[in-house]
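A short worksheet on the structure shown next.
Taken together, the values in this text are just the output of simple stated rules run on the coordinates, not laboratory data. Here the structure is a predicted model, which means the values were calculated and not measured. All Cβ positions, glycine included, derive from the backbone under ideal geometry; neighbour counts span all protein chains shown.
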Amino acid sequence: MNAYHAAPQQKTNTLAIVTLVTGILGLCLIPWILGFISLGQIKKSGEKGRGMAIWGMVIAVIWTVIGVIVGVASAMGSETTETVEGLRILSTTLA
């Protein structure tokens with residue numbers, strides 16, 4: 001008989017995995033909700049996955065910041081185009 005037994009593997013929290021996946025997909029608010037729930041579960045159960053939950057939430061913040069930057073840049077670009085077009089029409093009308 002073998003005296004050595006394999007140590008039981010610690011389970012990874014499923015919500016932590018889902019948090020990471022939804023964060024990568026850029027589903028802005030969902031990773032935060034799932035992340036906080038999974039961190040609470042991990043704290044109580046001692047499961048693995050804390051890093052996945054945190055990174056899912058961090059990636060969601062990065063996607064949100066990128067979205068805000070693109071939105072602001074897009075809004076500024078359309079205003080500039082409208083302003084230039086308006087000035088062109090005004091100068092043509094006055095001439």
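What are the residues whose amide H is under 5 Å from the amide H of Lys48, where those residues sit 5 or more places off or on another chain and H is modelled from the backbone?
Amide H to amide H, under 5 Å and 5 or more residues apart or across chains, Lys48 pairs with Lys11, Thr12, Asn13.
Using label points projected 7 Å from each Cα along Cα→Cβ, tell me how many nm separate Lys11 and Thr64, to one decimal.
3.0 nm
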